[in-house]
Amino acid sequence: MFRILLFVPSPNAGSNVPLKWPVIKIANLSSLDPTKPLRFNYPLVETPCALLKLGQRADNGVGPDSDIVAFSNICQHLGCFYSVLPTGTSPPCNQSFTSSTPQGYCCCHGGQYDFAHAAKVIGGPPPRPVPQVTLRYDSSTGDIYAIGMGAPTIFGHGPPGTSDAASVLQNDLTGGTVVTDATVFSTS
Ligand code: FES
């Protein structure tokens with residue numbers, strides 16, 4: 001089943017509280033399986049993302065092999081949730097397609113994203129990559145944290161394709177409930 005997400009004005013619009021990205025622990029290196037992407041919500045409860053250990057070096061990848069990345073799971077075309085395909089797998093809507101690289105595949109209109117290259121669009125109608133989650137890897141524990149989102153804005157959050165950092169922060173934290181987690185990585 002696919003969902004279309006619509007922009008909703010923030011209930012906190014007009015607040016004087018400075019906005020900042022939440023910092024949450026997502027996983028530990030020891031628990032990652034290259035064949036099983038891990039989904040989590042970030043930076044809002046309503047905005048799903050996917051964490052992947054690609055098994056190959058990736059743009060902005062973290063971890064011992066620089067192969068751990070995460071992206072918004074909401075397609076930049078019209079807001080469907082896309083499938084996450086490890087190499088050699090097929091999306092549920094198209095068994096004749098087999099991925100030759102770790103990628104996203106949107107069953108709504110065939111949009112495809114290359115996860116090793118910052119979600120570059122490699123097929124279908126999406127006008128731009130899905131935003132990448134900024135990750136931090138703690139080499140002493142193996143823990144992996146989400147600490148921010150890159151441009152563009154998550155689909156449905158502000159004008160499509162907004163890319164300057166302040167606007168991305170403002171819009172991505174608008175229209176839902178910011179995630180919280182008791183296990184917080186110190187950024188100081
Ligand atoms: S909504 Fe994803 S390709 Fe159209």
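The values are calculated or read from the model by the stated rules, or taken from the named source; none is laboratory data. Keep in mind it's a predicted model, so treat the numbers as computed, not measured. Neighbour counts are summed over all protein chains in view; Cβ atoms, including those assigned to glycine, are modelled from backbone coordinates with ideal geometry. We work out accessible area using only protein heavy atoms, side chains counted, and drop any ligands, DNA or RNA first. Shrake-Rupley method; radii C 1.70, N 1.55, O 1.52, S 1.80 Å.
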Report task. Name every residue in region 143-161 that is within 15 Å of the ligand (Cβ to nearest atom), more than 19 Å from residue 52 (Cα to Cα) and open to solvent by less than 20 Å² (accessible area, probe 1.4 Å), in order of residue number. Result -> 152, 156
Query raised in the report: When only residues in region 102-115 that are more than 16 Å from the chain's Cα centre (by Cα) and either without any contact (Cβ under 8 Å) to a residue 40 or more places away in the chain or closer than 20 Å to residue 26 by Cβ (or both) count, which is nearest to the ligand (Cβ to nearest atom)?
Result: 109
Query raised in the report: Say we look at region 116-133 and pick out the residues that are surrounded by 18 or more Cβ atoms within 10 Å (Cβ to Cβ) and within 10 Å of the ligand (Cβ to nearest atom); which of these is nearest to the chain's Cα centre (by Cα)?
Result: 130
**Report entry** Matching residues, region 92-111, being farther than 30 Å from residue 142 by Cα and crowded, with 21+ Cβ neighbours inside 10 Å
**Finding:** 106, 111
Query raised in the report: Condition test on residue 140, is it loosely packed, with under 15 Cβ neighbours inside 10 Å and closer than 25 Å to residue 32 by Cα?
Result: yes
Query - Where a residue in region 61-79 is away from the ligand (no atom under 12 Å from the Cβ) and in a loop (DSSP other than H, G, I, E, B) and its partner, wherever it lies, is of a type in the set (Gly, Ala, Ser) and open to solvent by 30 Å² or more (accessible area, probe 1.4 Å), with Cβ under 9 Å and at least six apart - result: 63/139; 64/139; 65/55; 67/55
Report task. Answer yes or no: is there a residue in region 69-87 that is at pLDDT below 95, surrounded by fewer than 18 Cβ atoms within 10 Å (Cβ to Cβ) and not aromatic (Phe, Trp, Tyr). Result -> yes
Report task. Please work out if residue 164 is open to solvent by 60 Å² or more (accessible area, probe 1.4 Å) and either in contact with a Cys (Cβ under 6 Å, 6 or more places away or on another chain) or under 13 Å from residue 42 (Cα atoms) (or both). Result -> no
